[in-house]
Amino acid sequence: MASLSNSTTSEDLFSNQALAIQAEIQKLSKSAVQYFAKDDITLALTKFKKAYLLSCSVPEKHIQKACLFNLGAAYISKDKPKKGLKCLMKSVTKGNAKRDGDLYFNIGIAYDALKDHAKAGKFYAKAINEYEQEEISNISDTLIKMGYAFVETGNLDSAAQAFLFAGKAYQKAKKKEDAAIALREAANYMIRSQKFSITEVLQALNEAVELCRGITDNHLLVKLYNHLAIHYAEVKFFTEAESCLKESMRCCRGVNFSNQKMAVLLQNSGAVENAMGQYETAVAAHMEAADLFGILGDRNAQGQCLCNLAYAYSQLQNYDRAQLYYQQALHSFVDAGVIQGQWQACEGMGASHFCQGNTDEAISSYKQALALFVKSKETCERNIERLLRKLTEAIEYKATHGHFDSSEDNSSSARPPFFSCACNDEKIETPGKKSDNPGNETSEREPTNGNLVTTAGSIHSTPKLSGRKDSASPSHHSLFNERHPSSKNIPKDSLRISSLSSDIPDDESTTSKGSTTSSDEDGSSDSSDTDESDGEGQPKRHVAKMQENLVKSPEKNKSTTCSIS
């Protein structure tokens, strides 16, 4: 009996020690949650490390794996994705039947941070397949991350589809703001990929506009409407662009908005009005925008507005005013050190001089534009060909006709056209309009001002839209990024933190799940730790998740997740 009593006492002592360790793990984890809430990632990581080390001394392996899961997520948030990836891979449980998309989501985050975006996309896809249908918010978040992974790999059409699906999913989750942002991003990459029809692009844009009507956050609406206006302008639906800009300016009125925002909106509004041929109203917008940028000391943006203003005056055939503002634009670009703006201003001056009959001044301005273009080291052949053609035609005209006779009849074939339309040097191609692709629909609506006139007297200075992105690279001005700014540490509202319950589940009730991965996915052959200092790079709207419960009651068969805000 004494032996049995001693054995029972030893078992009780061991059980009490195990319970004490589990209680300490719970205490450390809860403390880590609090530090995450205070943005103290370093101290939170320390607590998670201690919790993991303690978990190694208890027999319940699922507790250790759950601690590894959270430790991996914490490492990712601390810009140590390789360590985080190793922890996550160790937290995988072979043969576990539990569905857990968070594990694959976090692995995708780690690969993103390691710049292996192809693998990241693959794990985001796995996460989506693992999530239950009712986890629509998690699915939406993962689609956003997958979309940006596609962008990084250059697969823009797949990125557009991912953002489109995310927009639909966010609508099901009753998240209008996120849905509108996702649809705006979808339209953006539809345009960039040039593999979608005008109808598809407009459907995404129109749906985003409709969602905006149910959003009350004016700060978000200002940005959203401005981005939507730019995309409408890119596909030459200027009336819709104008409407969006008006809504954006309406939301921007008030003491809580800066002159910078209003200046950008005025610049874009004037550029759209130029494109619509509404030059009288455009002049006022350009002037106000130029004045505001002058107050702000942004000489480059001021130069763009002055170029737009000069263009509007040239279209009104007020060439004296056009030359004046092209000259002022040139000074602004010189002060800002922007050579591209300098040669464009000189080109505009050359066209204005030519239209006034001042061929010598026109030739001089075109020569200056060419010299500056060469200095800028730009490689666009279309631009250099246009400048050379204008200069050649001006020289030939002078040799044939002498000075230009301003009293000559406008219909005379000898007189060059007064102007070209307000089109960008890098002309935006209409997505999906190629005639050899019957699968794509084309718009029957003719774009305003559709043809370029590239003769010596054409005014080719373009309406410059502030915030427009021409490249197919990731959009560094994503609204997901603007709503949740990037920082050295991952923002706390993106993290899912764990909280322990006092109940101990059976061994088969684990909290982290994942199928066995191949050796090329374990992170062992990857490069050393990479700092995730993206700055304005890929948005960190949705980052590493952490589990709701490390230890939970047996009746709870499924863990839930919650955002810390």
Going through (1) surrounded by fewer than 23 Cβ atoms within 10 Å (Cβ to Cβ); (2) more than 30 Å from residue 191 (Cα to Cα) one by one, residue 103 fails only at (1)
Which of the residues belonging to region 140-177 are within 21 Å of residue 203 (Cβ to Cβ) and of a type in the set (Asp, Glu)?
-> 157, 177
Considering region 53-88, residues that are closer than 15 Å to residue 20 by Cα and at pLDDT below 90, and then whichever is surrounded by the most Cβ atoms within 10 Å (Cβ to Cβ), we arrive at 63
Could you say which residue among 336, 329, 310, 322 is surrounded by 24 or more Cβ atoms within 10 Å (Cβ to Cβ), among the aliphatic types (A, V, I, L, M), modelled with pLDDT of 95 or more and more than 18 Å from residue 275 (Cα to Cα)?
-> 329
Would it be correct to say that residue 142 is closer than 30 Å to residue 51 by Cβ and part of a loop (DSSP other than H, G, I, E, B)?
-> no
In the set 110, 120, 125, which member is at pLDDT 95 or above and surrounded by fewer than 23 Cβ atoms within 10 Å (Cβ to Cβ)?
-> 125
Is it the case that some residue within region 198-217 is within 19 Å of the chain's Cα centre (by Cα) and more than 20 Å from residue 167 (Cα to Cα)?
-> no
Under 6 Å between Cβ atoms, at least 6 apart or on separate chains: pull out the pairs that start in region 306-322 with a residue that is in contact (Cβ under 8 Å) with a residue 40 or more places away in the chain and within 13 Å of residue 284 (Cα to Cα) and end on any residue that is part of a helix (DSSP H, G or I) and of a type in the set (Ser, Thr, Tyr).
-> 310/325; 310/326; 312/279
May I ask you to list the residues in region 128-150 that are out of contact with any His (no Cβ under 8 Å at 6 or more places or on another chain) and among the small types (Gly, Ala, Ser)?
-> 137, 140, 147
Residue 46 versus (1) of a type outside the set (D, E, K, R); (2) at pLDDT below 90; (3) part of a helix (DSSP H, G or I); (4) surrounded by fewer than 24 Cβ atoms within 10 Å (Cβ to Cβ): which is the lone unmet condition?
-> (2)
For residue 290, state whether it is crowded, with 17+ Cβ neighbours inside 10 Å and over 21 Å from residue 260 (Cα atoms).
-> no
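Residue-wise test of (1) in a helix (DSSP H, G or I); (2) hydrophobic (A, V, I, L, M, F, W, C); (3) within 25 Å of the chain's Cα centre (by Cα); (4) under 24 Å from residue 341 (Cβ atoms).
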position: 228; (1), (2), (3), (4): yes, yes, yes, no
position: 233; (1), (2), (3), (4): yes, yes, yes, yes
position: 251; (1), (2), (3), (4): yes, yes, yes, no
position: 264; (1), (2), (3), (4): yes, yes, yes, yes
position: 272; (1), (2), (3), (4): yes, yes, yes, yes
position: 294; (1), (2), (3), (4): yes, no, no, yes
position: 302; (1), (2), (3), (4): yes, no, yes, yes
Give the residues of region 193-211 that are assigned to a helix (DSSP H, G or I) and surrounded by fewer than 24 Cβ atoms within 10 Å (Cβ to Cβ), sorted by residue number.
-> 193, 198, 199, 200, 202, 203, 206, 207, 209, 210, 211
Do we have residue 116 as of a type in the set (Asp, Glu), in contact (Cβ under 8 Å) with a residue 12 or more places away in the chain and more than 25 Å from residue 22 (Cβ to Cβ) here?
-> yes
Inspect region 346-354 for any residue being over 26 Å from residue 231 (Cα atoms), more than 29 Å from the chain's Cα centre (by Cα), surrounded by 16 or more Cβ atoms within 10 Å (Cβ to Cβ) and of a type in the set (Asp, Glu) and give the result as yes or no.
-> yes
If the Cβ limit is 6 Å and pairs must be 6+ apart or interchain, which residue in region 209-223 that is over 15 Å from residue 240 (Cα atoms) pairs with which residue that is modelled with pLDDT of 95 or more and part of a loop (DSSP other than H, G, I, E, B)?
-> 221/215
Tell me which of these residue 134 doesn't satisfy, since it passes every other one: (1) assigned to a loop (DSSP other than H, G, I, E, B); (2) in contact (Cβ under 8 Å) with a residue 12 or more places away in the chain.
-> (2)
Is it the case that some residue within region 343-357 is hydrophobic (A, V, I, L, M, F, W, C) and farther than 21 Å from residue 398 by Cβ?
-> yes
For region 166-188, state whether one or more residues are part of a helix (DSSP H, G or I), among the hydroxyl-bearing types (Ser, Thr, Tyr) and touching a residue at least 40 places away in the same chain (Cβ under 8 Å).
-> no
In this structure, does residue 70 turn out to be in a helix (DSSP H, G or I) and over 23 Å from the mean Cα position of the chain (by Cα)?
-> yes
For region 310-403, which helices (runs of 4 or more DSSP H) that fit wholly inside it have 3 or more residues that are closer than 27 Å to residue 293 by Cβ?
-> 319-336, 339-355, 359-376
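The values are calculated or read from the model by the stated rules, or taken from the named source; none is laboratory data. Bear in mind the structure is a predicted one, so any value in this text is a computation, not a measurement. Please note: Cβ atoms are built from the backbone with ideal geometry, for glycine as well, and neighbour counts cover all protein chains shown.
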